[in-house]
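The values are calculated or read from the model by the stated rules, or taken from the named source; none is laboratory data. The model shown is predicted, which means the values in this text are computed figures rather than measured ones. For neighbour counting, all protein chains shown are included, and Cβ atoms are generated from backbone atoms with ideal geometry for every residue, glycine included.
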Amino acid sequence: MKKEKTNFEKLDVYKLSEQLSDVIWDIVIKWDYFAKDTVGKQLVRSADSIGANIAKVPGAKLRRIKYIF
């Protein structure tokens, strides 16, 4: 049975954030231990959080965000 995508998963910006995250992971995974442990972890977390933040928007916050913009 195919899982239906939620609204945010259909957004182009969400799809782009997933692609960006994959590219960042592919780059950082090749770095030496020190680089991965310092900058790499921060970079990967930042890239992953873009999609997570987009996923958080639907729901109660959406109405509030419309008023802000």
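Okay, here's what the table says:
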item	result
Cross-chain or 6+ apart pairs with Cβ under 6 Å, region 6-22 first and among the β-branched types (Val, Ile, Thr), then surrounded by 15 or more Cβ atoms within 10 Å (Cβ to Cβ)	none
Condition check for residue 14: part of a helix (DSSP H, G or I), exposed (fewer than 11 other Cβ atoms within 10 Å of the Cβ) and modelled with pLDDT under 95	no
Pairs with Cβ under 8 Å, 6+ apart, first in region 29-46 and closer than 22 Å to residue 18 by Cα, second loosely packed, with under 11 Cβ neighbours inside 10 Å and of a type outside the set (A, V, I, L, M, F, W, C)	none
Condition met for residue 40 (under 25 Å from residue 9 (Cα atoms) and either at pLDDT below 95 or surrounded by 11 or more Cβ atoms within 10 Å (Cβ to Cβ) (or both))	no
